[in-house]
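Single-structure report; data block below.
The values are calculated or read from the model by the stated rules, or taken from the named source; none is laboratory data. Being a predicted model, the structure only gives us computed values, none of them experimental. Counting neighbours? That spans all protein chains shown, and the Cβs are built from the backbone with ideal geometry, glycine included.
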């Protein structure tokens, strides 16, 4: 196996992902061990693993950091903090509008974690706001967002431009994905917010699916009373499910978006903030239909960062077996039957440069096996993107 990064750089990234209040000196010591090639790669990897804000914070205040890196870090700190401030205000405004209209919208993932679990809001990087509503409230929630100036569009990452979504794509979102398509609003100052309005927590292709009504029934008001979120145990269970969800896609693997440190940072920081225990989380996850994915995600988190309270309740053998299975929900239109098996476990695969090539090879081998049997593959064209 060939690792994509040096052991020194790997250690720095993991320390950055701990978000340990007392860990800055350890991070700085690790940074001083990096060679020039590592520094060139550092910011790219930090962005992929969503620890760029934490890296920038540390490097900006590090007297002996390479000058160009320190200059970049200082600029990034300003930019990321401004973006986070705008994103928080825009998100709170949208949630307040929904609440005032009588729509119970549950905030998911990044928004909740940034407020309640991370040391600073800006350190939990995110690109959008995820909200969950009951199916019968989707049309009303959409109408509220549109009245607030949101349109059915996305912000193109490469350019920052707003791109309207086609009717075919919106239909695909609603019929197959977890949500009804992006709602995007860009202010006169150029800041923007995209909202994914969910009415279920999985695609129709996933054989392991959260019991959305159980999750909704667990919703409680945040400590400051401004938003709804799941119970802490089910916040972690949902994080674990979504982390697995990201692994079942060739596109994600090829782009390095299948295994990212922040997903496991989220879990360990939730434990730290809410005083959680693995056993209670696994019990709640089983009740909500996500026991298998939660067990896997807790194993991944412990493998990367160290033991969590109650980690002796994790079924390690089951997690390793589950981790080895690779599917592509978009090609197979299901995830129950793996198209291939990983030979490198997740805690090592996350840093393995060869995983994109291996995933591509598994897909080609799967297609080749079908065509050799005389199977016929067909496409259904849906018009514009």
### Query
What about residue 73, is it under 19 Å from residue 199 (Cβ atoms), assigned to a helix (DSSP H, G or I) and modelled with pLDDT of 95 or more?
no
### Query
If you check residue 320 against the conditions, is it crowded, with 21+ Cβ neighbours inside 10 Å, at pLDDT 95 or above and over 29 Å from residue 377 (Cβ atoms)?
no
### Query
If a residue has to be surrounded by fewer than 17 Cβ atoms within 10 Å (Cβ to Cβ) and in a helix (DSSP H, G or I) to count, how many in the range 149-177 make the cut?
8
### Task
All but one of (1) surrounded by fewer than 19 Cβ atoms within 10 Å (Cβ to Cβ); (2) touching a strand residue (DSSP E or B) at 6+ places or on another chain (Cβ under 6 Å) hold for residue 66, so report the exception by its number.
(2)
#### Entry: Selection from the range 117-141 of residues that are surrounded by fewer than 19 Cβ atoms within 10 Å (Cβ to Cβ) and in contact with a strand residue (DSSP E or B) (Cβ under 8 Å, 6 or more places away or on another chain)
127, 138
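State whether one or more residues within the range 38-50 are buried (at least 21 other Cβ atoms within 10 Å of the Cβ) and in a loop (DSSP other than H, G, I, E, B).
Restricting attention to the range 38-50, the residues satisfying the condition of being buried (at least 21 other Cβ atoms within 10 Å of the Cβ) are 42, 45-46, 49-50.
Still in the running and in a loop (DSSP other than H, G, I, E, B): 49-50.
So far as the range 38-50 goes, yes, one or more of its residues are buried (at least 21 other Cβ atoms within 10 Å of the Cβ) and in a loop (DSSP other than H, G, I, E, B).
From the list 136, 146, exactly one residue is part of a helix (DSSP H, G or I), farther than 25 Å from residue 217 by Cβ, assigned by TED's automatic domain parsing to the domain that holds residue 109 and modelled with pLDDT of 90 or more. Which is it? Even if it seems obvious, please write down each step before you answer.
Numbers: 136 fails: farther than 25 Å from residue 217 by Cβ.
Among 136, 146, only 146 is part of a helix (DSSP H, G or I), farther than 25 Å from residue 217 by Cβ, assigned by TED's automatic domain parsing to the domain that holds residue 109 and modelled with pLDDT of 90 or more.
Looking only at helices (runs of 4 or more DSSP H) that lie completely in the range 294-385, which have at least 3 residues being in contact with a helix residue (DSSP H, G or I) (Cβ under 8 Å, 6 or more places away or on another chain) and closer than 30 Å to residue 38 by Cα?
It comes to 346-349, 355-372.
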